[in-house]
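These notes are about the structure you will find just below.
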Amino acid sequence: MAIEIERKFLVDKFNAEKLKERASSHYEIYQNYISINPEVRVRAYKQPELPYEYYELIVKVGKGLCRVEESKKISAYSYGQILRETIGGVQKRRYEIHNFEGYKGTLELDEFLGPHRGIYICELEFNTKEEAMMFIPKDYMREVTNNKQYRNCNLAIRRSSYIEN
């Protein structure tokens, strides 16, 4: 199992549109949950104009900045069987932005679709906690790393994009 060190930021639509213009690629993710605690989910990834490229089963344990994550590629058949047992899901379009403002990795901008339309969340992964804490977000980025309302699993079981501040 790997340790994921990740920070998340809420972005308004205006700035999300500007970020999308800088994206080198994008694809859709259909993410459905089997369990919330521990977080167990299946994902289907779809590239524009292509059939589903692959499916995976993901387990995440923990909350906030550092979490344990394990993922495994699964077949379309397994995905379909597991999907019938899920308790909720989210659909999002992910944009990948390389070399974002000095950040060495790839900024992932998730534009939520369906009942969560209007939510835009940037995710950045880091190699160490120290590196994560050294990242200075832009003024338009509101940190939601530790805000449980913006965890994908909680969005999945809530059918509305309205979230209280």
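Quick look at the numbers
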item: Estimated vicinal HN-Hα couplings, Hz - the range 93-107 in sequence order (Karplus 6.51, -1.76, 1.60; Gly, Pro = x); result: 9, 9, 10, 9, 10, 8, 6, 7, 6, x, 6, 6, x, 9, 6
item: Derived scalar couplings ³J(HN,Hα) [the range 139-145; Karplus, 6.51 cos²θ - 1.76 cosθ + 1.60; whole Hz; x for Gly, Pro]; result: 4, 7, 9, 9, 5, 10, 3
item: Rounded to whole Hz, the Karplus (6.51, -1.76, 1.60) HN-Hα couplings of the range 24-32, x for glycine and proline; result: 8, 7, 8, 7, 9, 10, 10, 10, 10
item: Distance between modelled label sites at Ser24 and Arg84, nm, 7 Å Cα→Cβ extension; result: 4.1 nm
item: DSSP-assigned coil residues among GluC sites (Glu not before Pro) in the range 21-96, each with at most 13 further Cβ atoms within 10 Å; result: Glu49, Glu85
item: Sparse-neighbourhood loop sites, trypsin sites (Lys or Arg not before Pro) in the range 43-120 - DSSP loop, at most 14 other Cβ within 10 angstrom; result: Lys63, Arg84, Lys104, Arg117
item: Ellipsoid semi-axes in whole angstrom, largest first, where each is sqrt(5λ) of the Cα gyration tensor of the chain; result: 24, 18, 17
item: Around Lys104: net Lys/Arg minus Asp/Glu count, Cβ-Cβ under 13 Å; result: -3
item: Amide H within-cut-off set for Ser35, under 5 Å, with H built and near neighbours excluded; result: Val40
item: Under 5 Å, built H, 5+ apart or other chain: amide partners of Tyr54; result: Tyr45
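Values quoted throughout were computed directly from the atomic coordinates according to the rules given, and no laboratory measurement underlies them. Every value quoted in this text rests on a predicted model; they were computed, and no experiment measured them. Virtual Cβ from ideal backbone geometry, glycine too; neighbours counted across all protein chains shown.
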